[in-house]
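All remarks here apply to the structure that follows.
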Amino acid sequence: MALSKEKRLMAQRERMKKHRAALSGPALALYLSKKREYMRLKRTAMSHDERLLCRVRHRIFARESYARHAERYRERSRLWCHEHPSENRAKRARRVARLLRATPLWGNRFFVDEIYDLAQFRTRALGFPWHVDHIIPLRNPLVCGLHVENNLRVIPWQENLCKSNRLEVALLGNTR
């Protein structure tokens with residue numbers, strides 16, 4: 001009976017783990033350099049859609065991995081913050097300053113809070129995470145958006161992770 005594709009891949013991964021565990025020193029370095037070259041060639045042969053799909057799968061895998069090992073990640077983060085207090089303070093200050101710069105005085109804080117409440121409500125009601133997305137990203141090489149109600153929307157988390165900080169021109173409509 002033929003093995004399914006998933007079972008074959010699982011068996012191949014197990015064989016590779018055993019093979020890699022047996023390597024050491026120069027042999028391991030050679031193996032890793034060949035693997036990096038193979039992956040580089042594989043990436044260049046992929047279409048844009050395939051690369052995007054791989055990126056999304058990787059983000060989903062990373063999110064699931066974080067969920068499985070959340071306590072370990074939190075402990076590592078606490079330890080880093082304790083060992084690097086000045087860098088941690090600088091990082092937090094940059095984030096707060098970026099949000100403050102992106103929030104104009106005329107922005108309506110009530111509506112912004114309502115949008116975040118809507119995201120939490122949808123998460124509880126529908127059973128999967130919803131994110132608040134900046135239609136025009138706060139940080140983008142082309143343009144920087146504002147942290148105001150007109151620039152916010154509530155979308156499923158997968159869609160938000162796919163978008164990242166890219167500017168989607170289709171959402172802007174006719175600009176003439």
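Mean-square fluctuations from a GNM of the chain, with a 10 angstrom spring cutoff on Cα atoms, peak among Pro26, Pro85, Pro104 at Pro26. In units of the rule-of-thumb radius 2.2 N^0.38 Å, region 104-176 shows an alpha carbon radius of gyration of 1.15.
For Lys91, the lysines whose Cα comes closer than 26 Å to its Cα, not counting residues fewer than 8 places off in the same chain, are Lys163. Between helix 25-45 and the chain, what is the angle of the helix's C-alpha long axis to the longest principal axis, kept within 0 to 90° and rounded to the nearest 10? Around 50 degrees separate the two axes.
For Leu152, the residues 5 or more places off, or on other chains, whose built amide H falls under 5 Å of its own are Ile135. For the chain, the longest principal axis of the Cα atoms and the long axis of helix 5-22 meet at an angle of about 70 degrees.
Can you tell me the FRET efficiency between Arg13 and Thr123 if r is taken as the Cβ-Cβ distance and R0 is 25 Å, rounded to the nearest 0.05?
On the way: r = 33 Å, r/R0 = 1.34.
After rounding to 0.05, the efficiency reads 0.15.
Normalised by the number of residues in the chain, the average gap of Cα pairs under 8 Å and 6 or more apart makes the relative contact order 17 percent.
Could you calculate the FRET efficiency of Lys5 with Val169 from 1/(1 + (r/R0)^6), where r is the beta carbon distance between them and R0 is 45 Å, rounded to 0.05? Could the numbers behind the result be given before it?
Values: r = 38 Å, r/R0 = 0.84.
The value I calculate is 0.75.
Distance between the 7 Å Cα→Cβ label points at Trp106 and Glu159: 2.8 nm. Among Ser86, Ser164, Ser65, which one moves the most in a GNM of the chain with springs linking Cα atoms closer than 10 Å? Result: Ser86 has the largest fluctuation of those listed. Here the Debye sum runs over all C-alpha atoms of the chain as equal scatterers in vacuum, and log10 of I(q)/I(0) at q = 0.12 Å⁻¹ comes out as -0.93. When peptides 87-93, 127-133 are sorted by average Cβ neighbour count within 10 Å, with the highest value leading, the order is 127-133, 87-93.
For region 55-148, count the residues as N, evaluate 2.2 N^0.38 Å, and divide the Cα radius of gyration by that value, please. Intermediate values should be presented prior to the final figure.
Working: Rg = 16.7 Å, N = 94, 2.2 N^0.38 = 12.4 Å.
Working it through for region 55-148, the quotient is 1.35.
Taking the C-alpha atoms only, the angle from helix 85-102 to the longest principal axis of the chain is near 50 degrees.
Only the coordinates and a few stated rules stand behind these numbers; no lab work does. Remember, predicted model here, so these are calculated numbers, not experimental data. Every residue, glycine as well, gets a Cβ built from its backbone with ideal geometry; the counts of neighbours run over all protein chains shown.
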